[in-house]
Amino acid sequence: MSAAVLSTAADVVAALAGQANASKAAFFPRFFKAGPGEYAEGDQFLGVTVPAQRAIARRARGLPRPDLLQLLQSPIHEHRLTALLVLVWQFGHADDDVRAEICGFYLEHRACVNNWDLVDSSAPHILGAWLLTQSATSARRQLMALADSPGLWDRRIAMLATQAFIKAGRLALPVQVATRLVDDPHDLMHKAVGWMLREVGEHDADVLRTFLLAHAGSMPRTMLRTAIEKLDPVERRRWLDVPRR
């Protein structure tokens, strides 16, 4: 027998509560940096695993937008992630008109997408996938506006959204966004930019090398190390030995 459909936000809340784990709930605030003064200060956790959240999201894939918004606005991390997983599913099964509406909804409420896993689970699959269907000028304008935002999560959304372009073999815009963010002061952005550059290099190592020729001497070390992870050891050593500027 298939699991019961979850048709309201209250149903999802109850299902997540049924999967709560006290020991994980105590650990997650440390893992997701939710302590005082940290980047996710105040985030609250039930201790539900991601596979369990994905299973619940599958049961809630018909959830209407007001219920999704209720979950997105919750202070509880798993409520927000599960809502985003539902949105990703809905976007992937919608026509262009509904996809446009979902992307608009996502951008309007992106303040709720406020931890790295929330961004990484949604930005490529909603914003990135939508921008792939738009003009290059429109996509660049949208992503650069987010990349220039003072908000950490806006900037990570901009960088992670380019993963959709990388997977499609369209590398120019990801490199442009990475160039805009190469001097970002936050370590979460160092990892994000390096990660996307690494994926660019997996598609075309020469594109990555061109970026590194311009920036290897000045980009943060975490970003550089992440970007070159898939290169051979001799070449990695050569880039790490580039004099710092």
(message) Tell me the net charge near M223. Cut-off is 12 Å between Cβ atoms, M223 excluded, with +1 for each Lys or Arg and -1 for each Asp or Glu.
(response) 0
(request) Could you go through region 65-77 in sequence order and give the Karplus-derived ³J(HN,Hα) for each residue, using 6.51 cos²θ - 1.76 cosθ + 1.60 with θ = phi - 60°, rounded to whole Hz, and x for Gly and Pro? (result) 4, x, 6, 4, 5, 4, 5, 4, 8, 6, x, 8, 3
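Treating the beta-carbon of each Lys and Arg as +1 and of each Asp and Glu as -1, no other charges, what is the dipole magnitude of region 15-96 about its Cα centre, to the nearest 20 debye?
The calculated dipole for region 15-96 is roughly 300 debye.
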(message) With Kirkwood's inverse mean 1/r over C-alpha pairs for Rh, give me the Rg to Rh ratio of region 40-135, two decimals please.
(response) 0.95
(message) Treating only the Cβ of Lys, Arg, Asp and Glu as charged (+1, +1, -1, -1), what charge dipole size does the chain show about its Cα centre? Round to the nearest 20 debye.
(response) 540 debye
(request) Working from Cα positions, state the angle (0 to 90°, nearest 10) between the long axis of helix 187-203 and the longest principal axis of the chain. (result) 70 degrees
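Under a Cβ-Cβ cut-off of 15 Å, what is the net charge of the residues other than V113 that fall near it, where Lys and Arg count +1 and Asp and Glu count -1?
Counting the neighbours of V113, the net charge comes to -2.
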(request) Would you grab the residues whose amide H sits under 5 Å from the one on Q44? Only those 5+ places off in sequence or on another chain, please, with H modelled 1.01 Å from N. (result) H77
(message) Quick check: the angle from helix 22-31's long axis to the longest principal axis of the chain, C-alpha only, nearest 10 degrees?
(response) 30 degrees
(message) Can you give the local net charge around G35? Use residues other than it whose beta-carbon is closer than 14 angstrom to its beta-carbon, Lys and Arg +1, Asp and Glu -1.
(response) -1
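Under the Kirkwood approximation for Rh and a Cα-based Rg, what ratio Rg/Rh is obtained for the chain?
For the chain, the value is 1.00.
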(request) Using only the alpha-carbon atoms of region 123-245, report the extent along each of the three principal axes, biggest first, to the nearest angstrom. (result) 39, 29, 20
(message) Could you sort the peptides 172-179, 212-219, 238-245 by per-residue average Cβ neighbour count (10 Å cutoff), highest mean leading?
(response) 172-179, 212-219, 238-245
(request) Work from the charge dipole of region 1-114 (Cβ charges, +1 for Lys and Arg, -1 for Asp and Glu, about the Cα centre) and give the residue of C112, Q73, Q44 farthest towards its positive end. (result) Q44
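Every number in this text was worked out from the coordinates using simple rules, so none of it is lab data. These figures come from a predicted structure and were not determined experimentally. We place every Cβ from the backbone using ideal geometry, glycine too, and count neighbours over all the protein chains shown.
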